[in-house]
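This report concerns only the one structure given below.
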Amino acid sequence: MKRPIVLTEEFKPYLAPIFERKAKSITAIDVHKMTSYADMLVVVEAGSRRQVTSLAEHIIKALKKQKIKVFGMEGIKEGEWALMDYGHIIIHVFDSEAKEFYDLEGLWSDAPRIDLSPLGPLPGIEEDDDEF
């Protein structure tokens with residue numbers, strides 16, 4: 001796998017609300033050289049359909065407080081897969097089964113990943129507890 005690219009400041013406001021909730025995993029994919037409709041795709045895995053809805057609603061509300069409006073959204077009430085289109089960034093929130101079925105990370109396997117570590121510890125990655 002290629003080295004992850006550095007997260008730019010312009011995307012941090014879109015990603016910060018995701019880190020405020022307990023997502024199972026978060027992947028940011030740089031697609032600006034591969035498509036004209038977005039610069040970044042964010043794939044978020046939630047633990048349940050209820051959490052998909054909760055996460056999506058939290059992201060929308062947090063960004064709205066920053067005066068960032070969503071251009072389009074789909075699937076939030078159903079809870080299997082929520083999509084929020086902010087123009088240059090598209091955020092997908094999946095329940096685990098839908099994430100595995102659609103496999104967006106596999107679909108975009110040639111696109112570079114974005115290093116999200118500046119925003120905090122990534123969900124799903126255990127910290128080393130070598131000291132007891």
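The values are calculated or read from the model by the stated rules, or taken from the named source; none is laboratory data. Keep in mind it's a predicted model, so treat the numbers as computed, not measured. As a convention, Cβ positions derive from the backbone with ideal geometry for all residues, glycine included, and neighbour counts pool all protein chains shown.
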Practice task
Could you tell me whether any residue of the range 18-26 is at pLDDT below 95, within 23 Å of LEU7 (Cα to Cα), among the small types (Gly, Ala, Ser) and in a strand (DSSP E or B)?
Solution key: yes
Exercise for the section: Restrict the check to the range 119-126 and report whether at least one residue is surrounded by 15 or more Cβ atoms within 10 Å (Cβ to Cβ) and modelled with pLDDT under 95. Expected result: yes
Handout entry: Residue among THR35, THR8, THR27 that alone is under 19 Å from ILE60 (Cα atoms) and hydroxyl-bearing (Ser, Thr, Tyr)
Key = THR27
Practice task
Would you be able to say whether some residue in the range 73-80 is in contact with a strand residue (DSSP E or B) (Cβ under 8 Å, 6 or more places away or on another chain), among the aliphatic types (A, V, I, L, M), modelled with pLDDT under 95 and not in a loop (DSSP other than H, G, I, E, B)?
Solution key: no
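Residue-wise test of (1) within 18 Å of LEU83 (Cβ to Cβ); (2) not β-branched (Val, Ile, Thr).
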position: ILE5; (1), (2): no, no
position: PRO13; (1), (2): no, yes
position: ILE18; (1), (2): yes, no
position: SER25; (1), (2): yes, yes
position: ILE29; (1), (2): yes, no
position: MET34; (1), (2): no, yes
position: LEU41; (1), (2): yes, yes
position: ALA46; (1), (2): yes, yes
position: GLN51; (1), (2): yes, yes
Problem - Filter pass, THR35 being free of Cβ contacts under 8 Å to residues at least 60 places away in the same chain and assigned to a helix (DSSP H, G or I) - result: no
